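The values are calculated or read from the model by the stated rules, or taken from the named source; none is laboratory data. Please read all numbers here as calculations on a predicted model, not as lab measurements. Positions of Cβ are backbone-derived with ideal geometry, glycine not excepted, and every protein chain shown enters the neighbour counts. For accessibility, only protein heavy atoms count, side chains too; no ligands or nucleic acids. Shrake-Rupley method; radii C 1.70, N 1.55, O 1.52, S 1.80 Å.
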Amino acid sequence: GWQTEYRRWRPPVERAVAWLVHHGNRRLRYRGTIKNDTWLHTRAAALNLRRLINLGLTHTSGTWHIAPAST
């Protein structure tokens, strides 16, 4: 049972970790957990925003929209 769940979730988790450590981000930059926690959250937010923009996120008339999925 656990192997099915493991196979299902491993690829997306590995991809997310790879995005976080891309471009030399394998080591911590700062001393202290608060600064490193802030960096990690900022990095994750930037990656999420980049992903949304690639999916078609646009800002028009004061609202945000994602382009409908094409088939």
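So which residues in the range 39-64 are small (Gly, Ala, Ser) and either under 17 Å from Asn25 (Cβ atoms) or touching a Ser or Thr at 6+ places or on another chain (Cβ under 7 Å) (or both), if there are any at all? Explain how you work it out, then say what you get.
Let us first name the residues in the range 39-64 that are small (Gly, Ala, Ser), namely 44-46, 56, 61-62.
If the condition is that a residue be small (Gly, Ala, Ser) and either under 17 Å from Asn25 (Cβ atoms) or touching a Ser or Thr at 6+ places or on another chain (Cβ under 7 Å) (or both), then Ala44, Ala45, Ala46 are the ones that fit.
For the range 51-63, give me each residue that is open to solvent by 60 Å² or more (accessible area, probe 1.4 Å) and within 19 Å of the chain's Cα centre (by Cα).
Listed by number, the residues that qualify are Arg51, Leu52, Ile53, Asn54, Leu55, Thr58.
It is to be established whether one or more residues within the range 34-50 are part of a loop (DSSP other than H, G, I, E, B), without any contact (Cβ under 8 Å) to a residue 24 or more places away in the chain and either loosely packed, with under 10 Cβ neighbours inside 10 Å or of a type in the set (D, E, K, R) (or both). Can you show your working first?
Residues of the range 34-50 that are part of a loop (DSSP other than H, G, I, E, B), as a first pass: none.
The answer is no, given that none of the residues of the range 34-50 is part of a loop (DSSP other than H, G, I, E, B), without any contact (Cβ under 8 Å) to a residue 24 or more places away in the chain and either loosely packed, with under 10 Cβ neighbours inside 10 Å or of a type in the set (D, E, K, R) (or both).
Being closer than 23 Å to Ile66 by Cα and hydrophobic (A, V, I, L, M, F, W, C) is the filter here; which residues of the range 6-50 pass it?
Within the range 6-50, Ala16, Trp19, Ala44, Ala45, Ala46, Leu47, Leu49 meet the criteria.
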